[in-house]
Each structure stands twice: as C-alpha cells, then as structure tokens.
Amino acid sequence: MKTEFLKALQKIMGSERVTVDQTNRHLYCRDMMTGSLLELKAGHQPHLPDIICWPENVREISQVLKTANRFRIPVIPFGGGSGVSGGTLPLHGGLIIDLKRMNRIEKIDGPFLKGIPHYRATAQSGILGEHLESQLNRKGFTLGHFPSSILCATLGGYLAARSAGQLSSRYGKIEDMVEAIEAVLPSGQIISFDGRIRDYKSALPRDLLVGTEGTLGIITRARLKIYPKAPAARYRGISFNQIPHALTAIREIMQSGLRPSVIRLYDPLDTLLLQFGYETGNRTFPKKIGKLLGPLKNNLFHLLIRNPLLPQKIFSLIPSDALLILGFEGDANLIEEQEKKAIEICNHQLAKDEGEGPGRHWLKHRYSVSFKMPDLIEKGCFVDTIEVAATWDKLLTLYHKVRATLEKYCLVLAHFSHAYPEGCSIYFTVVGQTASREKDYETYQTIWNRAMENCLEAGGTISHHHGIGLLKSKWMPRELGEGLKFFQAMKKKLDPNGIMNPGKMGL
Amino acid sequence: MDPKQTTSLCNSCPKLCRFSCPVSDADRDEATTPWGKMSTMKLVDEGKLTWNPETASLAYKCLQCRASETVCELGNPVPETLEQYRIKAFRTGIAPAPVYENVKIFQNHNNPYPIDLFDKLKTNFPEEIISNLPHSPSLTKRGLGGDSKITYFPGCTEIRYFPETIGKTLKLLRGLKIKISLYQEPILCCGYPLYAAGDLESFRELAEINIPALKRYREVWSSCAECLYTMETLYREMGYKISTQFFHVSEKLDLRRVAGGRAPARAQRVSTGGRNPQTGPASVAYHDPCFLGRYRGVYEAPRKIIESVTGQPPLEFFRNRENSYCCGAGGLLPITSPETSRKITENRLEEFRATGATTLVTACPGCVHQFKKVDPKLDVVSLIDFIAI
Ligand SMILES: Cc1cc2nc3c(=O)[nH]c(=O)nc-3n(C[C@H](O)[C@H](O)[C@H](O)COP(=O)(O)OP(=O)(O)OC[C@H]3O[C@@H](n4cnc5c(N)ncnc54)[C@H](O)[C@@H]3O)c2cc1C
Ligand code: SF4
C-alpha cells in the first residue's frame, strides 16, 4: 500500500520532491515542543513520518490530498516546525507536507482609494516570517507581526496556530491581519480567496480554517493587511513595586482607547532575567542586588534550579520591581501625546518612569531570549513556556494560582503581554532540572498538568497563541465545552477519513 | 570546539538562524538548515543514523559563509563543526564524488584547476610587471622569494580567470609608490579547496610547502580574502608559526592617492552618467564577500575606495555588511551541489537588480567569477578592475 502511495506521489511531483530517506524522517519527527526533545533525550522512540514531500503549487497539494484520502494516509502540514505544542508530530506516521517551496510574495497592492492608504500583500503560506517582513520592509511596508519565532516560523504556521506578535496591541494577532486565505480541503477541493466551502457555504474559509492547525485542511496563500512603516516609535520602561498596580495601569491604558504597540509587564523574576540575560543595557535593580544574584550565571545556578523553592523564597524577600515596557508607533506628535497620557495613568499607580533606556534595551534584545533556551537545555535544564489568558477580573488569581503550584517543581518567571481592553495573556517561563532526563520529562508533564488544571479552574483559556497541538489536546473538552462537538462535526464532514493531522486539537 | 557540544546545541535550538542561511533558503527543507545539518551529525554520532554518503553529503551543504554564526547569539560555529565531519567523510571515502575528483586535480596541478598556474602567469603576464619590480625575483629565479618585504599573492582563481587584473593591481600599487613584488613561488594556491574538501592531509602538506615561502615576506597582500584567512588563520590553527602579516589590497590602498590621481576611465564613466546616457546615470552596488566581511571584518574600506573615485557611496544590497548573502561559490558548493549554488547566486543577483545599480563591484575574484558564470551579461568587476585604468 505504502509503495503504491509513494509511487502515486512521485507521479504527482516527480521523485526529487518526495523522500522516504532515514535522515529526513528523523529531521521531520518533531517540532519545538519541549516535551518531544525531552522524550528523545530520555531515549524514547521518535514518531517518524513515513514520507516527506515538498509541493510547489496548490494543484499538487490538491492531488496529494486526494491520493492520501484514497490510501487513508495521515497527512501533516509542516511550516517551519517551530510550533511548541507538538502540532507537526506524525503520531501515526504518514506523510509530511513541507510547504516551504511555496514561499513567494505574489502581490503588493493599494492604496485602493486615492489618498486613503489601505495596502495588502498576497503571499504563499510557506514563506518564512522574517523573509516576509524584510521583503515588505524593502518596499516600505510592514505586516506588524513580530512573534519571537519570526526567524523560524512560516506564514502558514502563523495562521494555523493563531500566532501573536510582540506588537499585537497595535496590529492585532495574525487572525486580525488576514483578509482572505486560499486553502485545500482534505478532499482535495481548492478554495480560492473568494470561494466557498461546499458544506459550509455561509462560512468563509478564513474563519473556518485559521487556528485549526492543519486538522481541517492546508492553507496555501493568504491576503494580508499591511501598513506603511511607522514614521516614528517611542519605547520606555516603567517600574512598579506592585504587580496589581501595574495591571490596573495596563487595563486603564487599554480601556482608555490608547493604542500602544508594546505593553508588556515582566514580573520581578522575569525582570531580573530580562536584565541579567544580557550583558548591556540599563538596569532597574540596584547594583548590590545585581552582584548578589550575579552567581546565578555560574554553578550555583544549577543548585538553585534543582531547588526552585529556595531562590523563589529568597527572591520574595528582596524588594524588587516589575518592569513595564511601553511602546508606541506612528505619527511622531501623536505618539508623544499618547505616551504622555499612558505615563500619567501609570503614575496614578505609583509607578517610576525609568526613561527610554529599558525600552530601547528590550527592543534591541527582543529575540535574544529564544537563544537562551538551547543554551539552558544543553546545560542540563528543561525550559518551556506556558501562555494562557484571562479577562481582567480573573487574571491575577490565575497568575498566583499557576505560579504557586509550579514553584514547587521549577523556577517560574512570567510576563503579561498581548493586552486587550477585556483582558490579557500571561506568559510563564519555567526552568527546571532533576536528577535525570527521564525524571525531567516526568516533571515536565506534571508541570503541564498542574498549569492547565489551575488555568481552567481560574477561568482562563489554555492557549493564547501557541496553539493546542498535541500538548493541550486532552484539555480541549474543558476548554471548548459544547463547542468541541461543533468542531468534531465539522471535522467529520470535511475530513471523513480523518487523514488531516490526526490526534491533534482534541479531535 | 567539541563537535558533540556544538551539534547538540543546534539540535536543541528552534532553528533561529535558518532565515539567514543561503543554502536552506535555496533548498527550503529542514535537512539543509544549520539545525538540520548539525542534527544529522549528532544523530550519526549517537548511532541513530548511519554514516553514509547521504548523511555525509550534508556536511558539504555549507558555503562556510558564516551567515548563521553571525546571527546566532550563542556564536555556535556551524561551518567549523561541519568541517570536522568533512574531514571524517573524506577519510572514510564517502565524501561526494566531485570532491575526490577536485582533490585529484589539485594533486596533479597544485591548485583546483586543471592548469599550471605558473605557466599561466608567465604567458599572460607582461614580463615588465615581473621583472620591473624593486628587489623582486625574476622569473628565472623561480622558487626564490627575493628580498622584497611586501609581496602580492594573487591566488588561484585570480590567476585562472583574471590574470590581467593582477597586472593592473601591481601597476596601480606601484603607481602609488608601493614597493611590492609578485609572489612567484612554484605553488600559487593557499590550499583552501583541500581544506574545504576535508582532505586535511594534503592541506597540511601544502601548508608546509607554502609556509617557508611566505615567511620570507614581512607582508603578504592579496585580493582574495579566502587565501588570507587560510594563510593567516588556518595555517596557524594547525600549529604552524608564521609572523608574516596578511592584508587585503582594499585595506592598504591609499585613498587620497587613488582619488588624487586622474579618475580612472571606468569610474569616470560611472560617475558621469554611465555608458548609455538614455538610461540615466549608471550606478554601482557593492557586494560584501564573506571572507572579506564576516571573516575579516573589512566592510568600509572597499566602499570608501568606490566613493573616492565616483564621488558617491555605492548603492547597498538589502542584505549588506555582516548580513551580506553569499554569492554561492563558497565551501565547494558549486561542485558538490551546483543547482543549489546557482540558485543562491540567482537570489543574490535578484537583490542586486533591486538596488537599481548597473554595475556590481565586489572585492573577491571568486565572487566575480561566480556572478559572471551565472549571468555572463552582468556588468560585474573586482574593485581593482573598477578603479584601475
Ligand atoms: C523560540 C520560539 C518563540 C516563539 N514565539 C512565539 C510568539 O511570539 N508568538 C507566537 O504566536 N508563537 C510563538 N512561537 C510558536 C510558533 O512559532 C508559532 O506557533 C508559529 O506560528 C508556528 O509556525 P511554523 O511555521 O513553525 O508552524 P509549524 O510548527 O510547522 O506548524 C504548526 C501547526 O500548524 C500546522 N500548519 C503549518 N503550516 C500549515 C499550513 N500551511 N496549513 C495548515 N496547517 C499548517 C501544522 O500542522 C502544525 O499543526 C514560538 C516558538 C518558538 C520556538
Ligand atoms: S547556529 Fe545557533 S541559531 Fe543556528 S541552529 Fe545552531 S544554535 Fe541555533
């Protein structure tokens, strides 16, 4: 059966772009979910795909899906493989469709009415985020989407996992940026930008497929809103000695109608990492504390990581601030006024304006933290990030609950980012180390179980922008409630043979 | 550098440098990302993949351009690590076939081309250039370095493809009253192609012949920064002591004198409106060669030289200086993966066209050759050819 399937694929694409070789099978066996790396480090067997292919156009994808359906072969779309929820894991083997050969910006158009700027770009889904943004920049535009994974994620992955960038408060999440998509359904049906889905004629493919992580079809192109690059930007650091005060300030800023591009609050421990992780930049902490905690970088670090309660206890005794990074982009005069107003709001909450330094420092190092992760893993630790969200009334409870539970197992840092008038997301970073990689993996699973339970109990949502994938799949019934039945019904209708990315998203 | 550590580090990384790697940009898969290449080597070391021509070939899917290393905030040395696996592949006989063919040519001719470079120098080169040098050896004293303190090392690619540029270089430098001889040793290649092939043994043999010859000079100048890196860094890394100093010609050109002289014909043409006045003023864009830029840190000198003769700074590629994008000729890629190499060159040329310039100037004979090979109609010249009359 597999040989026949392979032959059929080779007929569609030629043998050059289809492979069953061992090297590629191993390289496509995971994404960046910490769990799969820990599993491999602990010596578990990888989930190897059987075949990998690299289509170059939508027609090929359509034919491949038709054929996969005929042979009942699982199909897993693969963008950059930077997902952190196990979305691309070939749990049941099958075919990986790597979309990166479809990587062109096809069109940039606009303005559509004289004098009213409205621009858009049409791009293929396999383009890397950084290439998309820099190619737009060359023409004077920006998409405004800056996830920390911009260097390694694709547009298709952004859309499939509902990604959020660092400037989301101004430009929105990816689902706010996309006007239309072209996609291929499991049956092989191609839905063009203006096309309709046979079974759901009233639903736009964009609304139906964005965020479904390859379980309902493959996104092949997208038409995106883009903007002329902002003429000016301002960045600042503001410190608060109480997190609740800071959160009140953020809520008031967002509810007042101000549109910061960046609004991120680092809790005291994360503030420390933000400053100690890098060599330069302004520090809001007194030098003495810096010196005291400097050895964190050395051997003591491992000791503390293995006994997380200890540093957290010590740290809670040291008076330290939470740092808010506040940024605005746009017309120079307008953003100056906006910044003034935002600072005023902060001042009502006993804030201290730290000036431009910390803001500029953040901007310069905003992708640096991603490089810390492999370094820590190689130093024998495990690291992961847990991004949840809640409305303002539940946010602080959620923060304390998750934090207090996880502190027993690992060092917990958190920042509040992606703020909205109605609520905000919390991004926990967990760093731990146990006696062995197997134990690391077990602890890691406990951490996730506890975090998700606590989040749901506190009334939060289990995913703000990293998607569900395999990692959070088992909590989908509680996350979606009755909504899951609708999702399952849609899946059954569109993908009766269940070939698309099986085992993900609670399906 | 412990390859076990460096490959493991990449394997734990979310492929943060993949966007910068011209090879993965051209091939657009996971295996040819720095992550993929390094992970494969790790999996081989762990026995999860076998060491065979297919896995070994990934060690050769690298331009050694250091783009990823520049982006990587951990500074993980991908090309240097992959080099270790090239050495292993070469020794175990499973390097790509063209690598062995290239080494064979090298062993027969002491350079990667099937020609005698010394003969080529003799036939293509005006006798006056060689003999007219202060304290320089003459052709008859072949093999002797003479007593000139500074010598010009042309390198194999320049001799093979651009012999007339060597003449222009020496003429220009001597016109600027620099006492410089032409390096006329029997071997006229630094051996980098052997190093890139992973044939460490032959590379070492060649280095041992070259070093005593190089030692005779206080300074060695070249237009090829790959040669400079080989002689200045790789020889030393292999444990050889050599106090000679190495410079790229662009680092040594006296700008005031270049600018003060009569503006060279070509530059004049460029600064005064190009060949065809109908198409508007012609302009120049400068491409940073990897070995001159990322390896050697020379970014501004060539730009200033261009500006000193045209009166304006060159136009910039979108990816320039430390973010420059390889021309596609590095790391033996043109012989191991010609299609990928060509695609990379095309990508870079697309970026050149977007600059709006009509002339592409660069400071490496290898880059000039690669660009010309892919687009014979392209107006691409070396820095010296651009400024020398
Ligand atoms: C260091 C790091 C930082 C990160 N920071 C952020 C961040 O700031 N914001 C954020 O939102 N995320 C972040 N992420 C998570 C991740 O980068 C995003 O989820 C991203 O959108 C995934 O894109 P990708 O192309 O790598 O997708 P992949 O990992 O390849 O795939 C993700 C899921 O989408 C599916 N898929 C991929 N392409 C398609 C397609 N064309 N059609 C249908 N389904 C498809 C896959 O099957 C899979 O289920 C980060 C990850 C890392 C490793
Ligand atoms: S070179 Fe650096 S950025 Fe690139 S994969 Fe390796 S560790 Fe990551």
Practice problem: Restricting attention to the stretch B:336-346, report how many residues are buried (at least 20 other Cβ atoms within 10 Å of the Cβ) and assigned to a helix (DSSP H, G or I). | Solution: 5
Quiz item: In the stretch A:143-158, which residues are hydroxyl-bearing (Ser, Thr, Tyr) and in a loop (DSSP other than H, G, I, E, B)?
Solution: A:148, A:149
Practice problem: Look at residue A:41 and say whether it is of a type in the set (Lys, Arg), touching a residue at least 60 places away in the same chain (Cβ under 8 Å) and either within 12 Å of another protein chain (Cβ to nearest Cβ) or on the phi < 0 side of the Ramachandran plot (or both). | Solution: yes
Self-check item: Complete set of residues in the stretch A:182-237 that are β-branched (Val, Ile, Thr), closer than 27 Å to residue A:468 by Cβ and at pLDDT 95 or above
Solution: A:184, A:190, A:191, A:210, A:212, A:215, A:218, A:219, A:220
Quiz item: When you scan the stretch A:110-149, how many residues do you find that are within 15 Å of residue A:81 (Cβ to Cβ), small (Gly, Ala, Ser) and within 16 Å of ligand 2 (Cβ to nearest atom)?
Solution: 2
Practice problem: Check residue A:110 against each of (1) surrounded by 18 or more Cβ atoms within 10 Å (Cβ to Cβ); (2) touching a His at 6+ places or on another chain (Cβ under 7 Å) and name the one condition it does not meet. | Solution: (1)
Exercise. Report, by residue number, each residue of the stretch A:150-177 that is under 12 Å from the mean Cα position of the chain (by Cα) and either modelled with pLDDT under 95 or within 16 Å of ligand 2 (Cβ to nearest atom) (or both).
Key: A:150, A:152, A:153
Quiz prompt | Residue, nearest to the chain's Cα centre (by Cα), within the stretch B:1-40, restricted to residues that are within 20 Å of residue B:331 (Cα to Cα), within 7 Å of another protein chain (Cβ to nearest Cβ) and surrounded by fewer than 24 Cβ atoms within 10 Å (Cβ to Cβ) | solution = B:19
Quiz item: Any residue in the stretch A:223-242 that is more than 16 Å from ligand 2 (Cβ to nearest atom) and within 23 Å of residue A:55 (Cα to Cα)?
Solution: yes
Exercise. Taking residue A:215 as meeting all but one of (1) under 23 Å from the mean Cα position of the chain (by Cα); (2) in a strand (DSSP E or B); (3) of a type in the set (Val, Ile, Thr), write down the number of the exception.
Key: (2)
Quiz item: Of the residues B:332, B:292, B:349, which is part of a helix (DSSP H, G or I) and at positive phi?
Solution: B:332
Quiz item: Do we have residue B:12 as under 30 Å from residue B:288 (Cα atoms) and either within 16 Å of ligand 1 (Cβ to nearest atom) or out of contact with any Phe, Trp or Tyr (no Cβ under 7 Å at 6 or more places or on another chain) (or both) here?
Solution: no
Quiz item: Would you say residue B:89 is within 19 Å of residue B:29 (Cβ to Cβ) and away from ligand 1 (no atom under 16 Å from the Cβ)?
Solution: no
Quiz prompt | Unmet requirement for residue B:75, which otherwise passes all of (1) among the small types (Gly, Ala, Ser); (2) more than 8 Å from chain A (Cβ to nearest Cβ); (3) surrounded by 23 or more Cβ atoms within 10 Å (Cβ to Cβ) | solution = (3)
Practice problem: Just one of (1) modelled with pLDDT under 95; (2) closer than 25 Å to residue B:17 by Cβ; (3) not charged (D, E, K, R) trips up residue B:325, so point out which. | Solution: (1)
Quiz item: So which of B:309, B:381 is assigned to a strand (DSSP E or B), over 21 Å from residue B:22 (Cβ atoms) and among the β-branched types (Val, Ile, Thr)?
Solution: B:381
Exercise. Could you check how many residues of the stretch B:76-107 are under 18 Å from residue B:291 (Cβ atoms) and within 16 Å of ligand 2 (Cβ to nearest atom)?
Key: 6
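To keep it simple, each residue is scored yes or no on (1) under 26 Å from the mean Cα position of the chain (by Cα); (2) away from chain B (no Cβ under 12 Å).
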position	(1), (2)
A:25	yes, no
A:35	yes, yes
A:50	no, yes
A:68	no, yes
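Residues checked against (1) aromatic (Phe, Trp, Tyr); (2) part of a loop (DSSP other than H, G, I, E, B); (3) more than 10 Å from ligand 1 (Cβ to nearest atom):
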residue	(1), (2), (3)
A:61	no, no, no
A:65	no, no, yes
A:84	no, yes, no
A:89	no, yes, no
A:103	no, yes, yes
A:108	no, no, yes
A:111	no, yes, yes
Quiz prompt | Number of positions in the stretch B:1-59 that are of a type in the set (D, E, K, R) and either in a loop (DSSP other than H, G, I, E, B) or within 13 Å of ligand 2 (Cβ to nearest atom) (or both) | solution = 10
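Here is a yes/no grid of residues against (1) in contact (Cβ under 8 Å) with a residue 12 or more places away in the chain; (2) more than 10 Å from chain B (Cβ to nearest Cβ); (3) buried (at least 17 other Cβ atoms within 10 Å of the Cβ):
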{"site": "A:83", "(1), (2), (3)": "yes, no, yes"}
{"site": "A:88", "(1), (2), (3)": "yes, yes, yes"}
{"site": "A:94", "(1), (2), (3)": "yes, yes, yes"}
{"site": "A:105", "(1), (2), (3)": "yes, yes, yes"}
{"site": "A:114", "(1), (2), (3)": "no, yes, no"}
{"site": "A:126", "(1), (2), (3)": "yes, no, yes"}
{"site": "A:134", "(1), (2), (3)": "no, no, no"}
Exercise. For the stretch A:97-114, state whether one or more residues are charged (D, E, K, R) and under 21 Å from the mean Cα position of the chain (by Cα).
Key: yes
Quiz prompt | One residue from A:89, A:65, A:27 being under 30 Å from residue A:375 (Cα atoms), of a type in the set (A, V, I, L, M) and more than 16 Å from ligand 2 (Cβ to nearest atom) | solution = A:89
Quiz item: For the stretch B:60-72, how many residues are crowded, with 24+ Cβ neighbours inside 10 Å and either within 16 Å of ligand 1 (Cβ to nearest atom) or in a helix (DSSP H, G or I) (or both)?
Solution: 2
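The values are calculated or read from the model by the stated rules, or taken from the named source; none is laboratory data. Only a predicted model underlies this, so the values are computations on that prediction, with no experimental measurement involved. All Cβ positions, glycine included, derive from the backbone under ideal geometry; neighbour counts span all protein chains shown.
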